[in-house]
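A short write-up of the structure that comes next.
The values are calculated or read from the model by the stated rules, or taken from the named source; none is laboratory data. Remember, predicted model here, so these are calculated numbers, not experimental data. Virtual Cβ from ideal backbone geometry, glycine too; neighbours counted across all protein chains shown.
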Amino acid sequence: MKKVVASLFLCFAIVTLMASTIDLNTIFGPEDLGYYIQRNQMFYDKTGVRVNITVVPYGRDQNIKLIASMLAGGSQYDIFIIDCVEVPMYVESGWVLPVDEWLTEDLKNDAVPFALSGMAYKGHWYGLPWVSEWKSFVYNRELIKKVGYTEFPKTWDGVVELSKKLQQAGLVKYATAWSWAQKESLICDFVAILSSFGGKFFDENLNPVFNDEKGVQAVQFMVDMIYKHQIVNPESLAWTETEVYKAIYNKDIAFGMMWGLPLIDLDNPEISNGPGEWEIGLMPSVDGKHPYSVSGPMGWAISYGTKNPKEAFEYIKFLAGPEGSLDAALKAGIVPGWKSVWENPEFQKTVRGLDKMYEQAMYIVHRPQVPWYLEFSSALQEELHNALTRRKSPQAALNDAAKAAINIRDEWQKKNK
């Protein structure tokens, strides 16, 4: 009889334990899957909270599943990775929970400013930074040495002068290349160049100002680099980052822009034709005083439909807070969004050039943080490409993009009154 009672008690304990186990569900792509599985097991061992993963390639397929989940109540995925340009749309749709109550002053003070602000909207925070990358400016130190330069120019005029010397010396056919296909990559490059001319996209009332004098100067400079100065490979008009990277790895160009931690691959002789020759530099600007580049941070966010918001935040803090980010940086090469990680001696030893990257991190600009960004981006891509292919003047193209922005903004506001 005692054995039966003990057996029943054990069964009851197991059922109770199973019933009390908290499950969190998430969705992301196959990249670094092994790392996530390992970290999820560590989180389970520490907290008893189990995190289940649905693996879907990042991009359109994942977005479709996420949005379908949100429209159905938001309970299918408790936590998810969100891109900085998606934050306003998710917030305005009511799909993501604010994390203000858990975001301590210590966390706010430790965050690299652009990384945390990429997760913010209208005075509230909606996640913790994750993959806090930006486009770094890289140049080949040995190539510019051959024409008498010991450091890269800080101004765009200096860049043009250097580029012509490189080409005249026969070191490269084109000094540089950009990702100016009619795609999101074009917007990213334009954000950096516009900011380097001191321009911005919208005023405080979301009226477009990117078609002002500074915006026109920025686009005109892009056009001039192709046709007047002839320092940009004209195939850039059909290229994304993939083709630009290939040109950099092959040393077909002397400078360009790259996401992530560029020197890891550029120092790898299996990938790069110039290992040890490339350096990180600050983005040039019109006056040498606006060395801004474009951000691309993502973050971990919490679905409005989760039944376990506190546990969800504990998970994203475990994974993406300062301690978790240090682990991810060291073991998975994920760019951290915390000052303490960038200043950590162990992280600083992982790759060359982190000091210059960290300097650039203080000069980062986001793409416009508006809930109608996707529609606006498509319209701007088309008009920028019209200017770069000389179907329209820079002023006309930007004016038309500004009109489209106003229409998109007004239409969105009508639907969401």
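Quick notes on this one:
- Verdict on Glu314 being more than 21 Å from the chain's Cα centre (by Cα), under 22 Å from Glu243 (Cα atoms) and charged (D, E, K, R): no
- Residue match in region 100-112 (condition: assigned by TED's automatic domain parsing to the domain that holds Ser340, in contact with a strand residue (DSSP E or B) (Cβ under 6 Å, 6 or more places away or on another chain) and farther than 30 Å from Leu354 by Cα): yes
- Of all the listed residues (Gly94, Gly127), the sole one being at pLDDT 95 or above, under 25 Å from Ile27 (Cβ atoms) and surrounded by fewer than 21 Cβ atoms within 10 Å (Cβ to Cβ) is Gly94.
- Which numbered condition Leu66 fails, given (1) assigned to a helix (DSSP H, G or I); (2) at pLDDT below 95; (3) under 23 Å from Ile187 (Cα atoms): (3)
- Looking only at region 332-343, residues that are out of contact with any strand residue (DSSP E or B) (no Cβ under 9 Å at 6 or more places or on another chain) and at pLDDT 95 or above come to 4 in all.
- Flag: Val55 does not match the condition of being surrounded by 14 or more Cβ atoms within 10 Å (Cβ to Cβ) and either touching a helix residue (DSSP H, G or I) at 6+ places or on another chain (Cβ under 9 Å) or of a type in the set (Lys, Arg) (or both).
- When restricted to residues that are farther than 18 Å from Phe114 by Cβ, in contact with a helix residue (DSSP H, G or I) (Cβ under 7 Å, 6 or more places away or on another chain) and outside the structural domain of Arg352 (by TED's automatic domain parsing), region 282-313 contains 2.
- Residue match in region 171-182 (condition: surrounded by 15 or more Cβ atoms within 10 Å (Cβ to Cβ), out of contact with any helix residue (DSSP H, G or I) (no Cβ under 8 Å at 6 or more places or on another chain) and either in the same structural domain as Ile231 (by TED's automatic domain parsing) or aliphatic (A, V, I, L, M) (or both)): no
- Residues of region 78-117 that are closer than 16 Å to Gly337 by Cβ and either part of a strand (DSSP E or B) or among the polar types (S, T, N, Q) (or both): Ile81, Ile82, Asp83, Thr104, Asn109, Ala111, Ser117.
- Meets criteria (in a helix (DSSP H, G or I), of a type outside the set (Ser, Thr, Tyr) and closer than 19 Å to Gln182 by Cα) for Leu380: yes
- Residue within region 38-61 that is of a type in the set (A, V, I, L, M, F, W, C), part of a helix (DSSP H, G or I) and modelled with pLDDT of 95 or more present: yes
- So Lys317, is it at pLDDT 95 or above, under 25 Å from Tyr77 (Cβ atoms) and not in a helix (DSSP H, G or I): no
- Qualifying residue in region 338-347 (condition: surrounded by 15 or more Cβ atoms within 10 Å (Cβ to Cβ), without any contact (Cβ under 8 Å) to a residue 60 or more places away in the chain, in a loop (DSSP other than H, G, I, E, B) and assigned by TED's automatic domain parsing to the domain that holds Thr26): yes
- Of the residues examined, Ala361 is not one that is of a type in the set (Gly, Ala, Ser), over 27 Å from Asn52 (Cα atoms) and not assigned by TED's automatic domain parsing to the domain that holds Ile27.
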